[in-house]
Amino acid sequence: MQLSFKEIVDEIVANHHSLLRKELPKISELLDVLSTDCLERESFCEAQQIYIKVRTKIEAHLKDEETLLFPTGVALESGAPLPPCDLNLRERLEEMEKEHDGCGNALTTISGMIATLPQSEHREQVIDKIKFVQEDLRVHVEKENTLVHPLFLKLFGARV
Ligand SMILES: [Fe+2]
Ligand SMILES: [Fe+2]
């Protein structure tokens with residue numbers, strides 16, 4: 001049975017977006033704990049700065065999906081009036097696919113930088129948590145790139 005756009009995005013929000021909302025702040029907390037172990041280490045500070053940017057980017061991405069892209073697709077599918085939107089959704093969707101790759105790659109970079117720090121329990125906690133988030137992100141992004149985006153473009157292209 002083919003799932004509707006609404007069923008696909010509801011599952012993504014319930015499982016994958018909620019996981020990110022729970023786990024991204026935990027990575028920030030773990031990095032803060034780790035920062036007390038490795039003061040003045042340049043690569044740590046750089047990794048932490050990159051993480052702050054990636055987290056902000058992911059949070060804005062989730063918000064655009066939940067408030068604009070997904071509700072527009074759901075409305076197109078059901079024939080309901082479209083929610084107000086001042087973004088070019090086709091362009092934003094292309095940008096989102098780049099962000100999918102960019103955020104995954106940035107997390108790999110951060111993990112690699114953290115791995116150069118001296119071995120410690122806190123270091124391992126950060127690396128494990130990033131790996132856990134990346135594994136879910138891979139499944140999440142695959143669903144959006146291969147199911148949500150093509151279906152959205154089909155619905156969006158067919159609108160009158
Ligand atoms: Fe998403
Ligand atoms: Fe996405």
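Data table
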item: Residue in the stretch 128-137 that is more than 12 Å from ligand 2 (Cβ to nearest atom), out of contact with any Leu (no Cβ under 6 Å at 6 or more places or on another chain), aliphatic (A, V, I, L, M) and over 17 Å from residue 15 (Cα atoms) present; result: no
item: Output for the stretch 31-51, where each listed residue is closer than 16 Å to residue 118 by Cβ and either in contact (Cβ under 8 Å) with a residue 60 or more places away in the chain or among the β-branched types (Val, Ile, Thr) (or both); result: 31, 33, 34, 36, 37, 38, 41, 43, 44, 47
item: Residues satisfying the stated conditions in the stretch 67-103, i.e. in a loop (DSSP other than H, G, I, E, B) and among the charged types (D, E, K, R); result: 86
item: Members of the stretch 89-103 that are in contact with a helix residue (DSSP H, G or I) (Cβ under 7 Å, 6 or more places away or on another chain) and within 14 Å of ligand 1 (Cβ to nearest atom); result: 92, 93, 96, 97, 99, 100, 103
item: Failed condition for residue 72, given (1) closer than 27 Å to residue 3 by Cβ; (2) surrounded by fewer than 17 Cβ atoms within 10 Å (Cβ to Cβ); result: (2)
item: Within the stretch 110-152, tally of residues that are away from ligand 1 (no atom under 16 Å from the Cβ) and touching a residue at least 60 places away in the same chain (Cβ under 8 Å); result: 14
item: Criterion: without any contact (Cβ under 8 Å) to a residue 12 or more places away in the chain, within 15 Å of the chain's Cα centre (by Cα) and within 16 Å of ligand 2 (Cβ to nearest atom) - qualifying residue of 22, 57, 63; result: 63
item: Test for residue 36: is it within 14 Å of ligand 2 (Cβ to nearest atom), among the β-branched types (Val, Ile, Thr) and surrounded by fewer than 15 Cβ atoms within 10 Å (Cβ to Cβ); result: no
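Laboratory data are not the source of any read-out in this text; all were calculated from the coordinates shown. What you see is a predicted model; the values in this text were computed from it and never measured. Note: ideal-geometry Cβ built from the backbone for every residue, glycine included; neighbour counts use all protein chains shown.
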